[in-house]
Amino acid sequence: MTRQGIALQDRFNRPLMFVLRLAAAVDADPKGALIAAVRQAGARIVELTLADVADNDVLMDMTLLTTGDEQLAAVRQAVATVAGVRLVNITDCALESHRGGACQMVSRSPIASNTDLRVVYTPGVARVCRAIQKDPALARTYTNVANKVAIVTNGTAILGLGDIGPLAGLPVMEGKAAIFWEFVKISAEPVLINTKDPDEFVNIMEKLAIGFGAIQVEDVAAPECFQITRELDRRLPIPVMHDDQHGTATICLAGLFSALRKTGKKMHELTVAISGAGAAGTAIADMLYTAGVADVVLTDSVGVIHRGRTQRMNADKHALAERTNRDNIQGTLADAMKGRQVFIGVSQPNIVTKDMVRSMAKDPIVFALANPVSEITVSDAYEAGAAVAADGRMMNNALAYPGIFRGALDCGTTIITVEMCLAAASALADIVPAGEFLPDMMDPRTHQTVTEAVIAAAGPGTALVK
């Protein structure tokens with residue numbers, strides 16, 4: 001990612017932004033004391049601006065980054081010690097950005113007069129309805145179906161928050177919809193399905209799917225997500241992709257392509273340890289094998305997934321054990337990492353130590369992708385000898401899924417294939433700027449490149465879900 005593309009939150013390792021409205025006496029000059037107090041509290045000031053001048057007060061807005069509510073409380077206490085300064089209010093930038101929702105439906109046809117209304121709506125719209133009734137394929141021409149993606153969730157695995165329900169997860173879905181529009185001009189609509197029953201989920205979405213050109217399954221917990229994605233893909237004549245599985249796997253492969261070019265390692269010689277055997281870990285393992293990786297071992301909270309294990313296994317993990325772990329090793333995550341050339345974490349924070357990285361093969365590749373806190377920090381991984389290290393902020397799914405869906409919609413495919421995801425990953429690695437790890441997500445060329453790669457790879461191929 002280019003320097004100008006790095007978020008300030010990531011650069012300063014303080015993820016939350018707030019704006020403090022402060023009042024000071026007109027004849028006072030407290031800026032120096034304020035800055036010192038806030039820095040002492042550990043926050044990072046982004047901007048300090050004059051907001052207004054009243055009869056007796058000067059109003060200032062201080063934008064700052066913090067590690068969380070505890071540090072924000074420390075800032076409040078610090079500001080209170082500055083003579084002549086009063087805290088008026090605090091704006092939470094995350095909450096404010098979602099006030100009224102992060103996305104909305106807007107008209108593509110202007111209605112400036114009753115004449116316009118008669119064309120866009122009745123009586124003119126009846127002609128469109130009759131045309132589609134006569135030939136349903138015309139819906140792709142005369143409605144938004146061909147450019148509309150359903151972002152569907154039941155809220156059982158929302159980011160790092162877990163099972164918080166579909167309504168609490170709606171801001172994430174709206175954020176995804178905003179990304180779709182801003183990056184590739186796809187009209188994406190959150191669809192909340194209030195059930196944990198995978199069969200009911202599939203049945204509901206199957207009935208709603210007629211109004212969409214593609215489906216992105218989002219933040220649904222494993223193992224139910226496997227069944228849901230598999231069944232929707234089987235039943236529906238439109239592309240279905242689970243971003244937590246296949247989007248994550250595509251970005252991991254893109255990062256691996258990039259890392260191999262930096263290290264000189266060969267894909268077919270790689271041995272990989274993955275922490276996390278849920279949706280993301282399973283899809284990553286399958287994608288790596290398809291790309292030619294020699295051997296992959298996965299672990300969960302119990303330990304290594306291996307043939308013959310009985311503790312906390314299910315049908316999907318038994319199937320995973322059959323197609324991974326070539327030598328059927330057993331033990332802990334530490335055992336799985338010994339001698340391996342690559343570590344990929346999609347699990348829990350702070351579970352990998354420097355010694356575990358040191359136990360790997362020489363010059364290992366470390367992708368610690370747990371959010372919001374990774375399995376090991378990038379700096380610690382490098383200190384332990386990693387040749388390439390990255391975390392979830394550096395390897396964001398939004399590098400891949402907008403272009404994948406744009407390409408799938410534009411070429412009219414009914415499925416998103418393994419070949420499309422492989423092409424997307426390779427294309428991302430091909431456009432990495434010199435000295436960087438992955439392309440800049442804010443660069444429109446990134447998503448255009450993925451789109452073109454997906455279209456080129458479209459055609460008969462292997463479905464993502466079977």
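Structure above, values below:
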item	result
Reachable aspartates and glutamates from Lys185, criterion Cα separation under 13 angstrom, eight or more residues apart if same chain	Asp410
For the chain, share of DSSP beta bridges that run antiparallel, in % to the nearest 5	50
Stretchable slack from Tyr382 to Asp163, in nm (0.36 nm times residue separation minus alpha-carbon distance)	75.5 nm
Efficiency of FRET from Cβ geometry, Glu47 and Arg234, R₀ 56 Å, rounded to 0.05	0.60
Flagged links, alpha-carbon separation over 24 Å, of Lys265/Lys354; Lys266/Lys362; Lys176/Lys266; Lys266/Lys338; Lys266/Lys317; Lys148/Lys317	Lys176/Lys266; Lys266/Lys317; Lys148/Lys317
Calculated FRET efficiency for the pair Val125/Asp61, C-beta based, R₀ 35 Å, to 0.05	0.15
Straight-distance crosslink candidates among aspartates and glutamates, where the alpha carbon sits under 17 Å from Lys31 and sequence neighbours closer than 8 are dropped	Glu47, Asp52, Asp57, Asp61
Projected-area average for segment 1-138 over all orientations - Cα convex hull basis, square nanometres	15.3
Relative contact order %, segment 1-158, counting alpha carbon pairs below 8 Å whose residues are six or more apart	23
Loop-located trypsin sites (Lys or Arg not before Pro) in segment 20-110 whose Cβ has at most 14 other Cβ within 10 Å (DSSP)	Arg99, Arg108
Percent accessible area from carbon and sulfur atoms, the chain, protein chains only, probe 1.4 Å	52
Segment Gln9-Lys185, length gained on full extension (0.36 nm per residue, minus Cα span)	60.7 nm
Three-way shape label, segment 53-99, alpha-carbon gyration tensor, a/c 1.5	oblate
Along principal axes, Cα extents of segment 233-297, largest first, whole Å	42, 21, 16
Global geometry of segment 380-466, whether rounded, prolate or oblate, following the gyration tensor of its Cα atoms and the 1.5 cut on a/c	prolate
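The values are calculated or read from the model by the stated rules, or taken from the named source; none is laboratory data. Just so you know, these numbers come straight off a predicted model, no measurement behind them. Every residue, glycine among them, receives a Cβ derived from its backbone with ideal geometry; neighbour counts consider all protein chains shown. SASA here: full protein model, heavy atoms, side chains in, ligands and nucleic acids out. Shrake-Rupley method; radii C 1.70, N 1.55, O 1.52, S 1.80 Å.
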